[in-house]
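Report on the structure given below.
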Amino acid sequence: MMQERTYLDWNATTPLRREAREAMAAAWDVIGNPSSIHAEGRRARGLMENARATLAAAVGAQPRNVIFTSGGTEANALALSSGLQSNKQILDRLIVSAIEHASVLAGGQFAPDRLARLPVQRSGVVDLDALRPMLAGRPPALVSVMLANNETGAIQPVAEVADLVHEAGGLLHVDAVQAFGKIDFNIKALNIDLLSVSAHKIGGPKGTGALVLAENVIGPRALIQGGGQERGRRAGTENVAGIAGFGAAVKAAVAARAGEMARIEILRNRLEQGLRQTQGSDQDGSQAGVIFSQDVARLPNTTLFGVPGLKAETAVVRFDLEGIAVSSGSACSSGKVQPSHVLQAMGYGPELVRSAIRFSLGWETTDADIERAIKAWRKLSGALLRKDETVLEQF
Ligand code: PLP
């Protein structure tokens, strides 16, 4: 009999929540185009507007300021359009933190010479002291800083960034794709101007997301032109079933968040204890393992772990053969593993950067999954680190 798998790659994507599946199944039978004014069209629009209201309420925005997109990537690309205005001035320069997702690092519509990178500290948190001179005495900028990093889980000081950016007359975009559904936040309290979210990280379908605007944000300019859908900001007949699934996932995730995350954090801490005990303990005399960003506020579900000498790609394959899905930093569409730009930006050298493996947990993760991962690491670590496996067996 095939043993069940242990899935510990929830930051890459999550399984569909039951509520999202049911909402989508029902939506497939709604035949109307949401732009049509007849009853069929109005029914489709109703599903979409329901999801829009749910998402808006979850992040503290107005429904009219939610623009549905094909996911977090498109939401980021739309946010970084060249059409944003602040105080009647078009923002024509962009500052992005060095640990952003590739879709933000790409710089959207800004030319490379209008794009600057905000450094991060070794902790994985953006360097506010570096941001000040980047803003001072210069034309206002659009600044993009994520709420939580997908690799380390490090939570960024977004409210402080917002203050600095606004003082300098700019706008703040926040990629909350990883934070949404895991920590409680609100765009008003954090003073966020543009917010990206994605359905598939919270139990919704892949291929659906949204850009949410604060009140009074002018722009962004539509990337996809055509019909007037999404108030002219994203043309094309909407993905009604996907959006309905997204709305249901938001509702379920928000309702369950506090309980789920408290339980998940205990499991994550247990995992980290197990990883530490196996590798980097005083007894085996080996080089210490590192849990990146462990001294700063982190998402409760994420562990990025590295040990000098470990090759992350090999570790991921060996874990996979043990029935456990983990990842080496972030998922990459080509399937090729790139050295983590996040750890590089944090100032780690190539050996540790190459060694980092990410365990990310979710609402279906069990005690047994965590014990299995720890056991697998005990079994594999010796060979993976090219050391005497028996030394590690004692733990
Ligand atoms: N931003 C962050 C921080 C992410 O982790 C991801 C997905 O990995 C994205 C954006 C992209 O979202 P999507 O997969 O919906 O395009």
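The values are calculated or read from the model by the stated rules, or taken from the named source; none is laboratory data. Note that the coordinates shown come from a computational prediction; the quantities given were computed from them, not determined experimentally. Neighbour counts run over all protein chains shown; Cβ positions are idealised from the backbone, glycine included. Accessible surface is based on the protein model in full, side chains and every heavy atom, while ligands, DNA and RNA are left aside. Shrake-Rupley method; radii C 1.70, N 1.55, O 1.52, S 1.80 Å.
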Q.
Contact list please: Cβ distance under 7 Å, first residue in the range 70-81 and touching a residue at least 60 places away in the same chain (Cβ under 8 Å), second residue open to solvent by 30 Å² or more (accessible area, probe 1.4 Å) and within 11 Å of the ligand (Cβ to nearest atom), pairs at least six apart or on different chains.
A. Ser70/Gly207; Gly71/Gly207; Asn76/His101
Q: Quick one: which residue in Arg52, Arg64, Arg43, Arg93 is more than 16 Å from the ligand (Cβ to nearest atom), touching a Pro at 6+ places or on another chain (Cβ under 6 Å) and not β-branched (Val, Ile, Thr)?
A: Arg52
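Test Asp193 against the criterion of being of a type in the set (D, E, K, R) and within 16 Å of the ligand (Cβ to nearest atom), and give yes or no.
On the way: of a type in the set (D, E, K, R): yes; within 16 Å of the ligand (Cβ to nearest atom): no.
Judged against the criteria, Asp193 is not a match.
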Q) Can you name every residue in the range 136-176 that is aliphatic (A, V, I, L, M) and open to solvent by 10 Å² or more (accessible area, probe 1.4 Å)? A) Ala136, Ile155, Ala159, Leu164, Ala168, Leu171
Q.
Can you tell me which residue is nearest to the ligand (Cβ to nearest atom) among those in the range 196-221 that are modelled with pLDDT under 95 and crowded, with 20+ Cβ neighbours inside 10 Å?
A. Pro220
Q. If you check Ala235, Ala241, Ala252, Ala179, which single one turns out to be within 16 Å of the ligand (Cβ to nearest atom), within 28 Å of Ala27 (Cβ to Cβ) and open to solvent by less than 20 Å² (accessible area, probe 1.4 Å)?
A. Ala179
Q | Complete set of residues in the range 375-395 that are modelled with pLDDT of 85 or more and open to solvent by 90 Å² or more (accessible area, probe 1.4 Å) | A | Lys375, Lys379
Q: Please go through the range 24-71 and pick out each residue that is farther than 13 Å from Gly242 by Cβ and open to solvent by less than 10 Å² (accessible area, probe 1.4 Å).
A: Gly41, Ala56, Val59, Val66, Ile67
